[in-house]
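For reference, the structure discussed in these notes is given below.
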Amino acid sequence: MAEAVKEKILAVATITCTIDGQQITVPKGTSVFYAARQIGIVIPAFCNHDKLKPVGACRMCYVEIEKMPKLQVSCATTATDGMVVSTNSQQVREGRKAVIEFTLINHPLDCPTCDKGGECDLQDLTFSHGYDDSRFGFNKMRFIEEEKRDTFDDLKIGPEIVLNRNRCILCYKCVRANKEAFGEYDIGAFERGDLTEINATPGGEVSNPFSGNLVEICPVGALTNSDWRYKIRVWLTKTVPSICNFSGSGTNITFYKEDHKNFVYRVTARCNDAIDDGWLSDITRYGYQIVNSESRLKTPLIKKGGKQVKASWDQALAVIKKHMGEIKDQSGGVCIGGLISPSLDNASLYSFSKLFRTIFKSNNIDFRGDYRYLPSVTDSPFTIAASQPFSIADIEKSDVIITFGTDLIREHHNEYLKIRRAVNFFEATAYSVNPYAVKTADIAKSEMVYSPGTDELVINGICLAAIEKKLVDSSAAAKLKPKISKLSLSELTKQTGLGKEQFKELAEAISSAKKITFIVGEIVARSLERDKICAALSNLNKLFGVQDKGQLAVLSRYANSKGAQKLGLSATPYEIVKAELKKIWGEYPDCQPRNTDSMINLMKKEEIKGFITVGTNPMRLYPDRGFASEGLEHVDFLVACDMFETETTELADVVLPLCSWAEYDGDYINLEGKVQTGKQAIKPKYEAKAAFEIMELIASQSGVKLFENEQSRNEEIEQLLSLNSVLPWPDDFLEIDYDKKSSRDDYPVPLFICDDPHHSGHLTEKSPSLLNFSDSAYVELSKGMAAKIGVADGEPVRVESPVGKIVVPAKISRVLNSDVAIIPRNFSSTQTTSLLMRKKRVDSVKLTRVEE
Amino acid sequence: MTFYSPVVTNAKEIAGHEKLHLFEYVEDEKQYQLKRYLEHGGYAAWKTVLGKMKPEEVIEEVKKSGLRGRGGAGFPTGMKWSFVPKDSPKVRYLLCNADESEPGTCKDRVLMERDPHVVIEGMAIGAYAIGCHLMFCYIRGEFHHSIERIEKAMEEAYSKGHLGKNIYGSGYDLEMIVHTGAGAYMCGEETGLINSIEGEKGMARIRPPFPAIEGLWECPTIVNNVESLAAVPHIINRGADWYRSMGTEKSAGTKLFSLSGHINRPGNYEVELGFSLQKLIYDANYGNGISDGKKLKAVIPGGVSTPFLTPDKVDVPLDYESLTEAGSMLGSGGVIVLHEDTCIVWTILKLIKFFRHESCGKCTPCREGTGWLEQIIQKIEDGRGGPDDLEKLDSICGNILGRTICPLGDAAVMPIQSTLKHWRDEWQYHIEHKKCLVNQNFGF
Amino acid sequence: MKEIITALGRTFIRMPIGMLVVLKHLFKKPVTLDYPRKKKPMAPRFMGRQYLERYDDGSERCVSCGLCAAACPADCIYMEPAENEKGERYAKVFEINLLRCIFCGFCEEACPEEAIFMGHHYEFSADNRDSFIWTKEDMLVKHPRKDNPFKTLFRRVRKVYGVVEKSK
């Protein structure tokens, strides 16, 4: 908070004050609490939190200020020029003792059974600042449920949160964080005075996507995690710093692990103000449980006679050598293809690329197994847009933030929290422009919902509106106008469903912004016409000069997508990367590069005979299950490396167990381009191996050593990462074609397949805590849509598309207000991607009620 | 038509008395109707202000008159109005604090039920002075009749063009909303009231930032008591010098006092500030002496948040400074009189039960401390007191005083401290002999 | 002649006087205990093998808080907490490695639930190392012991700092 305040307020306005005899100069507006912290004096407090507004409820942070007769609370007092503060005088010490005494009079003697013991703020502060005996003498207040008159008054208020109201010291941190930082209202304070209790809202439960943070900020054991409950005492664990592997932000986390059992016990935040502010989404917090899961692949499997049997590593590698060798000798390396997960670390990605390009001599690799019809051109507008620089910390400094084509609560949780912080604390304005109403628009000044499939027309509309209102440079306007004027502004309003005033509002906001952040997300990245949309964005950028006064980028979704791009993992890497690879390796295969779509096509035609997948599940996640299964079922030899048995490993001839990211040191590049290291927490479980090790073993089967040693590998990676891999936008304005939207009346409802807010990819299904939040697929509908079909919440709905059909329960959404259907893709029990057709711009389905 | 609140006032004595004004027409049955109010010269000040005065001039006039807040704090009203930043682009709000929950005080209720239009007029003038176009009147939920009367008065004012758009053709818009509370003493506190209107729990907020800079929905807000606002039209009509001529030098004007307790004529009385408390209790026109002919034991001069006064201090002028010198506070003017057969411990138990029930629960000393104090005092009253209990009470009171967010903590503790100082022997008797010093307890 | 008298005196006077001490002790009760048939009672505060207590109603006292393990200077206590059917915390695994234990009694002092005590048992030799890992089943008493020296104190303490329900 102090840093952000520093940058927001002009550096010129500072004041000097004296704290405990030391002089310090701080920016104007800093509170005495943070001024003292800057010289290393830590004033004790319960209810103060860096990222929340001060509330002065606990009264623990007293200080004595000259010329003020009463003790002042330092979290609420702004430091002024010439103030003389003393934080340790006799009066202050007596005051703190009194507050601890008051706090403890109704606090139960639960320390032996309380999970917070050992890391409890109340324990620590009582020991350092309190009395050592009590003169209360009465019966303590107890909150009890009539039905369970037992000794232990624990209430389960959410799938993962247990509340004990007796222990609560009413610092209100949970309520404030929930409201200010996350924008949720499912926990609150009820009653008054000393009968005040914190509880979930009546009839509800605390299950928002950030609910785990409430447990972490509770200073006592009132809110505890169900998955940490009675597991181990915190002083018996060790901590290891790491990086979250489920999202592109690269949230900093800490593993708590124990060596004797080789077990990871929990994940907490490791506050990094530039990325996450210390808040973790629930996926980050509970996703680590897949590491401990009992159902992990323990040994390699080999398919013998139609069944997969356990085998040893040597046997599995021998089979790979035999088959891959045959394919390579008979048909050449171009008949081998590979797909790797973008969540793996740099070393694994680079080893994969080197294995294919130098040993198999094929360009058939890709890292985006869940995107349809990706371009095979290195400088398509989408590739350029995805390579642009982005800084999460700059979101706070922006005064206009526009999110386009992204449902942040499902994809980029930490960016949503940063936007909330910018709007609440730093008076930014946010606009949300999406094909359906999203939850994250609750802090937006206005939300614009356009008709699905008209994304580039919206951007054109903004440019046209700006040209009409003369908000931009006229020469640029004259150059752009003929290229986007196939449809006039009023026709655009008809096509997109937005009004002229809305286009004008956006145009004004962009042009008058001092610093702007323009975020483009997965809805655009997954769309068939992503290139067209990014071409329109290129025009917008050039017209308004967005990147001169801010940032515009397509955010990468996975933990190391940026790393994969920089290390040349796509079939057609950037030119500069290609040149560097040629320099390092001395050679570069000149065969036709093939991305995922082409590879699956060729597998179907039996021109690709061998396929290796590492950490991905294209059967479940590729947006056209029919197409993917045709390819993968036809291929002669399939090798699948994964942590669990999935739909893809079922088809494989050889299955190799993969390590999770917690079991080896790895470098990950987040969506900003920052390299962060996740350290090894536990030794690899069972016989799993890291991906780079597997690549080296496969290479050594052919008698070639991939790298001399670890150091040479790291050096090669360093060489690649030191290149400037930001592609420049095209110089001229691009022409945007307009193709008429076709709609099939018998499949009227547009469908969006995305992640559940509590899940990411195909692995989080194995985490028991995340399954407590949502454990099976559903179709999310607006109230109006549900009424049209005639279903209530939870009733089964038949979802049909031209190629597939599923039956899922309906879920009525609080935010959706148009006729769309949203289905999550993370559950193996429902084959959601069988509804999709990869060549369609907007997938559409028909919804009918299932009669009993 | 019956009066809803059958409270005795000294209106008949003052009808025609040119100094006392708040209760001038309060005995008139039809005063609450707009027609009668206009006949008595109503809304003339509002017309004057809109037609001839600028907002700064209004603030100057009120400052000159020396009007001080009548809700309890006694802060000069004109100075409070001038704290609103003139160049702030944000909307301003004026809130009328009609959440009269201080035990012993029932003066605002009379004004709202019998003379609601003067309140509306005062609010309107205040709103104009600070540049506000939407004002709220926050009335306590239990005052059904006051709410009815004020709402009806508001509708009448709207229908006849005293509120609404383009009032009297001056181009000024003013809207009013009546908001009812739901039974919390804390919502009578400034920041609690603001939180309540925003829809949150009625808990206090830390100050700074002060409501005049950042209040309701983070806009500049002024919160004034009903009585202060009711005096404003009279100031505009008769001039600031007239107001200053009443009362004392530092405490100008008149005040309503609600006299209750062991008194022969309980009721609401309007007197000039500086009036002698002894006269208020004993004079035949006012209190007419202690009931049952007993002797005086203690007086609470300003509602139960103020320290008790011993009988030797009773001859004190009723104004802000003199009472502070005597060791108490003027507060909201609810004078409670206790005769010699009242047990002090029993009285204090009643008060601390109230404060514990009404504490909002935000800051630790008030929330836990009032509960602890109640348990100790209950123990003493039941005859189970221990020898170190008085020391404990002193220590706990010292730990709460001045250490809380809002003055409720101080209000809970100051009466206890004053009784421990002046009637310590009675407390001691309770502990040693396990019964009351005086003959009997009885119900009010 | 003199030598005969000296020799006679030594034989019949001095030796019996010397033997008198032996004869005296011949008829005294021996100090030696007939161990193992008779065992000497230990002092009440003797620190032998640990045992885990129960409440009067039969439920286990140990809540597996970890304080005895933290206090143990020899690091010989291992425990795993778990939740029982009522939702209370109890020790699923509680083991003491008696080979490491130095019988100092810090665990008994540290326990906040008055669950672990040093008993009077000292006869537990064995011929393999594994049997020295005492588990909870070995240490848990079958019935709550009535002669627990701290029980009355604990009851008095609980009365003062008891629990009462919040009145609605």
Checked segment A:184-193 for anything part of a loop (DSSP other than H, G, I, E, B) and either away from every other protein chain (no Cβ under 14 Å) or open to solvent by less than 20 Å² (accessible area, probe 1.4 Å) (or both); matches are A:GLU184, A:ASP186
If a residue must be in a loop (DSSP other than H, G, I, E, B) and either open to solvent by 10 Å² or more (accessible area, probe 1.4 Å) or modelled with pLDDT under 90 (or both), how many such residues does segment B:47-83 contain? 11
Provide a single number: the residues in segment B:359-377 that are more than 7 Å from chain A (Cβ to nearest Cβ) and either open to solvent by 10 Å² or more (accessible area, probe 1.4 Å) or in contact (Cβ under 8 Å) with a residue 40 or more places away in the chain (or both). 4
Identify all residues within segment B:168-193 that are aliphatic (A, V, I, L, M), outside any strand (DSSP E or B) and crowded, with 20+ Cβ neighbours inside 10 Å; write none if there are none. B:ALA184, B:MET186, B:LEU193
So if I check each of B:VAL413, B:VAL335, which one is buried (at least 18 other Cβ atoms within 10 Å of the Cβ), part of a helix (DSSP H, G or I) and more than 11 Å from every other protein chain (Cβ to nearest Cβ)? B:VAL413
Filter segment B:199-214 for residues that are within 20 Å of B:TRP81 (Cα to Cα) and open to solvent by 70 Å² or more (accessible area, probe 1.4 Å); which is modelled with the lowest pLDDT? B:ARG207
Residues of segment A:611-627 classified as more than 22 Å from A:PRO657 (Cα to Cα) and among the charged types (D, E, K, R), total: 2
First in segment A:271-282 and farther than 17 Å from A:ASP394 by Cα, second anywhere and assigned to a helix (DSSP H, G or I), Cβ under 6 Å, 6 or more apart: A:TRP279/A:ASN213; A:TRP279/A:LEU417; A:SER281/A:HIS413; A:ASP282/A:GLY212
Could we say that A:LYS257 is closer than 30 Å to A:GLY188 by Cβ and either within 14 Å of chain C (Cβ to nearest Cβ) or not hydrophobic (A, V, I, L, M, F, W, C) (or both) here? no
Matching strands (runs of 3 or more DSSP E) fully within segment C:35-146 where at least 2 residues are touching a residue at least 12 places away in the same chain (Cβ under 8 Å) and surrounded by fewer than 17 Cβ atoms within 10 Å (Cβ to Cβ): C:77-83, C:89-97
A careful count of residues in segment A:160-214 that are farther than 26 Å from A:VAL267 by Cβ and of a type in the set (Asp, Glu) gives 3
List the number of the failed condition for A:GLY250; all other conditions in (1) away from every other protein chain (no Cβ under 13 Å); (2) modelled with pLDDT under 90 hold. (2)
Can you spot a residue in segment A:813-820 that is over 25 Å from A:TYR450 (Cβ atoms) and not assigned by TED's automatic domain parsing to the domain that holds A:ARG526? no
Could you grab me the full set of residues in segment A:757-787 that are assigned to a helix (DSSP H, G or I) and open to solvent by 20 Å² or more (accessible area, probe 1.4 Å)? A:GLU765, A:LYS766, A:PRO768, A:LEU771, A:ASN772, A:PHE773, A:LYS783, A:GLY784, A:ALA787
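For (1) within 20 Å of B:GLU270 (Cα to Cα); (2) over 15 Å from the mean Cα position of the chain (by Cα), each residue gets a yes or a no:
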| position | (1), (2) |
| --- | --- |
| B:SER101 | yes, no |
| B:THR105 | yes, no |
| B:ASP108 | yes, no |
| B:HIS117 | yes, yes |
| B:GLY126 | no, yes |
| B:ILE130 | no, yes |
| B:HIS133 | no, yes |
| B:HIS145 | no, yes |
Can you tell me which residue is most open to solvent (accessible area, probe 1.4 Å) among those in segment A:792-814 that are under 18 Å from A:ILE753 (Cβ atoms) and not in a strand (DSSP E or B)? A:VAL803
Looking at this structure, is B:SER196 crowded, with 20+ Cβ neighbours inside 10 Å and more than 18 Å from the chain's Cα centre (by Cα)? yes
Go through segment A:383-400 and give me each residue that's within 22 Å of the chain's Cα centre (by Cα) and either within 13 Å of A:LEU555 (Cβ to Cβ) or charged (D, E, K, R) (or both). A:ALA385, A:ALA386, A:SER387, A:GLN388, A:PRO389, A:PHE390, A:SER391, A:ILE392, A:ASP394, A:ILE395, A:GLU396, A:LYS397
Collect the residues in segment A:730-756 that are part of a loop (DSSP other than H, G, I, E, B), in contact with a Ser or Thr (Cβ under 8 Å, 6 or more places away or on another chain) and at pLDDT 90 or above, keeping them in residue-number order. A:ASP756
Looking only at segment A:173-183, which residues are open to solvent by 10 Å² or more (accessible area, probe 1.4 Å) and within 14 Å of chain B (Cβ to nearest Cβ)? A:LYS173, A:VAL175, A:ARG176, A:LYS179, A:GLU180
Any chance A:ALA76 is open to solvent by 10 Å² or more (accessible area, probe 1.4 Å), within 25 Å of A:CYS271 (Cα to Cα) and within 14 Å of chain B (Cβ to nearest Cβ): yes
List the residue pairs whose Cβ atoms are under 6 Å apart, where the first residue sits in segment B:269-295 and is open to solvent by 60 Å² or more (accessible area, probe 1.4 Å), the second is of a type outside the set (A, V, I, L, M) and part of a helix (DSSP H, G or I), and the two are 6 or more positions apart or on different chains. B:ASN285/B:GLU13
When segment A:608-661 is checked residue by residue, the ones that are of a type in the set (Ser, Thr, Tyr) and either part of a loop (DSSP other than H, G, I, E, B) or in contact (Cβ under 8 Å) with a residue 24 or more places away in the chain (or both) are A:THR613, A:THR616, A:TYR622, A:THR646, A:THR648, A:THR649, A:SER660
Would you confirm whether any residue within segment A:478-487 is out of contact with any Phe, Trp or Tyr (no Cβ under 7 Å at 6 or more places or on another chain) and within 21 Å of A:ASP548 (Cα to Cα)? yes
The condition from (1) touching a Leu at 6+ places or on another chain (Cβ under 7 Å); (2) within 10 Å of chain A (Cβ to nearest Cβ) that C:GLU83 misses is numbered (1)
Could you check segment A:1-20 and list, in sequence order, the residues that are open to solvent by 20 Å² or more (accessible area, probe 1.4 Å), modelled with pLDDT of 90 or more and within 29 Å of A:SER128 (Cβ to Cβ)? A:THR18, A:ASP20
Scan segment A:246-297 residue by residue and report those that are surrounded by 20 or more Cβ atoms within 10 Å (Cβ to Cβ) and of a type in the set (A, V, I, L, M). A:ILE253, A:VAL264, A:VAL267, A:ALA269, A:ILE275, A:LEU280, A:ILE283, A:ILE290, A:VAL291, A:LEU297
If you go through segment A:162-183 one residue at a time, how many are assigned to a loop (DSSP other than H, G, I, E, B), more than 19 Å from the chain's Cα centre (by Cα) and under 22 Å from A:LYS418 (Cα atoms)? 1
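The values are calculated or read from the model by the stated rules, or taken from the named source; none is laboratory data. Everything numeric here is computed off the predicted structure, so don't read it as measured data. Here the Cβ is made from the backbone with ideal geometry for all residues, glycine too, and neighbour counts use every protein chain on show. Heavy atoms of the whole protein, side chains included, go into the accessibility calculation; ligands, DNA and RNA do not. Shrake-Rupley method; radii C 1.70, N 1.55, O 1.52, S 1.80 Å.
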